[in-house]
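Student: Shown below is the structure under consideration.
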Amino acid sequence: MRETAGERWGRRIVLTLLTLFVVIPLYVMVTSAAKPLQDVQNGFTWWPSRPTLQPFIDMWSTVPLARYLVNSLVVSSIAAVCSVAVAIFAAFAVSRYRFRGRGVFSVTVLSTQMFPGILFLLPLFLIYVNLGNATGIELYASRTGLIITYLTFSLPFSIWMLVGYFDSIPRGLDEAAQVDGAGPLRTLFQVILPAAVPGVVAVTVYAFMTAWGEVLFASVMTDEGSRTLAVGLQGYSTQFNVYWNQIMAASLVVSIPVVVGFLALQRYFVAGLTAGAVK
Amino acid sequence: MATSTTAPDADRREPRAGSPARRPTRRPRGPRRSLLPYLLLAPAVVLELAIHVIPMVVGVWMSLLELTQFHIRDWSTAPFIGLENYRATLDLNSAAGKELLHSFWITLAYSLLSVGFAWLLGISAAVVLQRPFRGRAILRALFLTPYALPVYAAVITWSFLLQRDTGLVNHVLVDQLGLMNERPFWLIGDNSFWSLLVVSVWRNWPFAFLCLMAGLQNVPGELYEAAAIDGAGFWRRLRSVTLPMLRPVNLVLLLVLFLWTFNDFNTPFVLFGGSAPEQADLISIHIYRSSFKTWDFGSGSAMSVALLLFLLVVSAAYLLITNRRRDDHA
């Protein structure tokens, strides 16, 4: 099937416009991170008057960025690993067993994903605070509280994507393992998981990204000691100065890991979506 | 997405629990066999209960209490007042009710426009990237980048672009193109709604693109060949092949995007620095601010429950209508 000249030009125009729309903010983020402060205070410049890496050094002392970074890393990594571990078992059950309540479980879990976050925020805030007062378990303003909260945020989509992956693994493999005497858990760990590695990795990255980017609960459930990047980055605008060059530098640094991870694994996300939603 | 979790052949291998006759004889297993799926699900169920279901029930209960700042420390003392919070916040003649209604219309307009544009950009990109050409993989990765960025990094960058005196937008519009004499404010006043919309489309359209791209991979190439042989041009192929084949994806995608944007908190919260101008006062941020400003969690919960009911009704109506239409076509 040949492409007509009109289609070719249409494609070029669409791609050019979309590329400009996507690239301009990214360009500004990258170039402004290399600008001296006066460049971002007096009007806009397309290019740094004197390219410098100073913002990447100053950003650590203007706000306690290292602490926010460590908090975000700890919270997001633990939440991601726990979420995927829980999701693997749940997805295995949904994919390989018929049991009473299977449909109800799937629908309920997925629909919680769609509920407004603000609906859980007020009760969860009160529950965490009152639980702390009553029992001394510090969930409010602690990293533990954030970890528990975040791991449930990525759980529904993780389960759903893993069910899609597990379903695509031939049941013949399970049977072969069972003939060899493997129980269900050994089948899961030695047969299914090795075959689903790309899916598991993609889901882990997704869970990490979810926790890394969450703003609403981070803004209410943290204090100065447990603050994450999502809230901490707003500290660069003080009442005296807005250090836009440092904000851009910090944004760039905290974005690179998740963007690289996502782009490296994008085809597995597409595969997961194809296996699940598109079916 | 809720339609996809069924695995039609899931019981092909595993005999139904409690049918010992069909169980493999080599490894007799006790009753724990039938418990196993529940044990596997237990952690997920417990977490969902603890963080989603119980707080939701508590939220409904809170909406029936006079949970003001006097009772917030020890909320067992808060008096039960029935539907009083709903009456107060949803009363359209009161100031609070008017503000809530205003916020509702703003949010509805924001969601519909944002979903529409995100879908339009997503389908355009998915269609023009359908056939292979040099540089396609790079463009695909580039287009997905806004979605991969942490939301606060993306939105903070946009708030820099939209600054009145130091932002790129005014630099281009006023200094370079000379389209305006005055430097407009983009983050306060009437313009703030449109700024919010552009930022939201920038962030959300890659998700539409990702889903539509996945959907297009399932369209067999022969359909296009056949359509081309019949003399169908680009628009005809789009209308008669691409869009009908994408229908299942679109049904889910549009609903999910609508719910996300309707509940959106992050974009306005970061873009406007913790508050939102009246013209961009989305419902989530409205509830958040009125709850934490006055510490009246009772009426905040009432508004949240009302929001949830509205979204449930909309989702149910949407699913009913789209399902009925599918039956008509069949």
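Student: Exactly one of (1) more than 16 Å from the chain's Cα centre (by Cα); (2) closer than 25 Å to A:Asp174 by Cα; (3) surrounded by 22 or more Cβ atoms within 10 Å (Cβ to Cβ) is unmet by A:Tyr236. Its number?
Tutor: It is condition (2) that A:Tyr236 fails.
Student: Out of the residues in the range A:1-18 that are part of a helix (DSSP H, G or I) and facing another protein chain (nearest Cβ under 7 Å), state the one that is nearest to B:Leu149 (Cα to Cα).
Tutor: Going through the qualifying residues, I end up with A:Leu18.
Student: Can you confirm whether B:Phe185 is of a type in the set (Phe, Trp, Tyr) and within 10 Å of chain A (Cβ to nearest Cβ)?
Tutor: Spelling it out, it is not the case that B:Phe185 is of a type in the set (Phe, Trp, Tyr) and within 10 Å of chain A (Cβ to nearest Cβ).
Student: Being within 25 Å of B:Arg289 (Cβ to Cβ), touching a residue at least 12 places away in the same chain (Cβ under 8 Å) and assigned to a helix (DSSP H, G or I) is the filter here, so list the residues in the range A:128-151 that pass it.
Tutor: Scanning the range A:128-151 gives A:Tyr128, A:Gly145, A:Leu146, A:Thr149, A:Tyr150.
Student: May I pose another question? Exactly one condition in (1) in a helix (DSSP H, G or I); (2) surrounded by fewer than 16 Cβ atoms within 10 Å (Cβ to Cβ) is false for A:Arg100; which is it?
Tutor: Checking A:Arg100 against (1) in a helix (DSSP H, G or I); (2) surrounded by fewer than 16 Cβ atoms within 10 Å (Cβ to Cβ), the one that fails is (1).
Student: Give the number of residues within the range A:40-89 that are among the aliphatic types (A, V, I, L, M), farther than 15 Å from A:Gly235 by Cβ and under 23 Å from the mean Cα position of the chain (by Cα).
Tutor: Residues that pass the stated criteria total 13.
Student: Still on this structure, I have one more. Can you run down the residue pairs with Cβ atoms below 8 Å, 6 or more apart or on separate chains, where the first is in the range B:159-170 and more than 8 Å from chain A (Cβ to nearest Cβ) and acidic (Asp, Glu) and the partner is assigned to a helix (DSSP H, G or I) and surrounded by fewer than 21 Cβ atoms within 10 Å (Cβ to Cβ)?
Tutor: No pair meets every condition.
Student: Let me spell it out: the conditions are (1) more than 10 Å from every other protein chain (Cβ to nearest Cβ); (2) within 21 Å of the chain's Cα centre (by Cα); (3) in contact (Cβ under 8 Å) with a residue 24 or more places away in the chain, and A:Ile192 meets all of them except one. Which number is the exception?
Tutor: Status for A:Ile192: all satisfied but (2).
Student: Among the residues that make up the range B:66-75, is at least one of them at negative phi, aliphatic (A, V, I, L, M) and over 21 Å from the mean Cα position of the chain (by Cα)?
Tutor: The answer is yes; a qualifying residue exists.
Student: Turning to a different aspect of this structure: Take the residues of the range B:216-262 that are among the β-branched types (Val, Ile, Thr) and either touching a Gly at 6+ places or on another chain (Cβ under 7 Å) or at the interface with chain A (Cβ under 8 Å from one of its Cβ atoms) (or both): which is nearest to B:Ile321 (Cα to Cα)?
Tutor: Restricting to residues being among the β-branched types (Val, Ile, Thr) and either touching a Gly at 6+ places or on another chain (Cβ under 7 Å) or at the interface with chain A (Cβ under 8 Å from one of its Cβ atoms) (or both), the top hit is B:Val252.
Student: Quick one: how many residues across the range A:243-267 are within 9 Å of another protein chain (Cβ to nearest Cβ), touching a helix residue (DSSP H, G or I) at 6+ places or on another chain (Cβ under 7 Å) and of a type in the set (A, V, I, L, M)?
Tutor: The total comes to 8.
Student: Answer yes if at least one residue in the range B:58-74 is closer than 30 Å to A:Val81 by Cβ and among the aliphatic types (A, V, I, L, M), and no otherwise.
Tutor: Among the residues of the range B:58-74, at least one is closer than 30 Å to A:Val81 by Cβ and among the aliphatic types (A, V, I, L, M), which makes the answer yes.
Student: May I ask you to say which residue of A:Tyr128, A:Tyr150 is surrounded by 20 or more Cβ atoms within 10 Å (Cβ to Cβ), closer than 30 Å to B:Ser76 by Cα, under 19 Å from the mean Cα position of the chain (by Cα) and aromatic (Phe, Trp, Tyr)?
Tutor: Unique residue meeting the criteria: A:Tyr150.
Student: Sticking with this structure for a sec: Search the range B:285-298 for residues being at pLDDT 90 or above and out of contact with any Asp or Glu (no Cβ under 8 Å at 6 or more places or on another chain), and hand back the single one that is farthest from B:Asn266 (Cα to Cα).
Tutor: Selected residue: B:Ile287.
Student: In the range B:188-216, what residues are in contact with a helix residue (DSSP H, G or I) (Cβ under 6 Å, 6 or more places away or on another chain) and part of a loop (DSSP other than H, G, I, E, B)?
Tutor: B:Asp190
Student: For B:Trp194, all conditions in the list (1) within 22 Å of A:Val28 (Cα to Cα); (2) in contact (Cβ under 8 Å) with a residue 24 or more places away in the chain hold save one; what is the number of the exception?
Tutor: (2)
Student: Taking the residues in the range B:98-114 that are surrounded by 20 or more Cβ atoms within 10 Å (Cβ to Cβ) and within 14 Å of chain A (Cβ to nearest Cβ) as candidates, determine which candidate is nearest to B:Ser290 (Cα to Cα).
Tutor: B:Leu100
Student: Among the residues in the range A:105-118, are any more than 28 Å from A:Glu175 (Cβ to Cβ), surrounded by fewer than 20 Cβ atoms within 10 Å (Cβ to Cβ), more than 18 Å from the chain's Cα centre (by Cα) and more than 7 Å from chain B (Cβ to nearest Cβ)?
Tutor: yes
Student: With the requirement that a residue be surrounded by fewer than 17 Cβ atoms within 10 Å (Cβ to Cβ), under 26 Å from A:Leu188 (Cα atoms) and modelled with pLDDT under 95, what does the range A:51-92 give you?
Tutor: none
Student: Of the residues A:Ala134, A:Ala87, which is within 13 Å of chain B (Cβ to nearest Cβ) and touching a Leu at 6+ places or on another chain (Cβ under 6 Å)?
Tutor: Just one listed residue meets the conditions, A:Ala87.
Student: If you go through the range B:33-59 one residue at a time, how many are under 26 Å from the mean Cα position of the chain (by Cα) and either among the acidic types (Asp, Glu) or surrounded by fewer than 16 Cβ atoms within 10 Å (Cβ to Cβ) (or both)?
Tutor: Counting residues in the range B:33-59 that are under 26 Å from the mean Cα position of the chain (by Cα) and either among the acidic types (Asp, Glu) or surrounded by fewer than 16 Cβ atoms within 10 Å (Cβ to Cβ) (or both) gives 7.
The values are calculated or read from the model by the stated rules, or taken from the named source; none is laboratory data. Keep in mind the model is a prediction, meaning the values are calculated, not measured. Every residue, glycine as well, gets a Cβ built from its backbone with ideal geometry; the counts of neighbours run over all protein chains shown.
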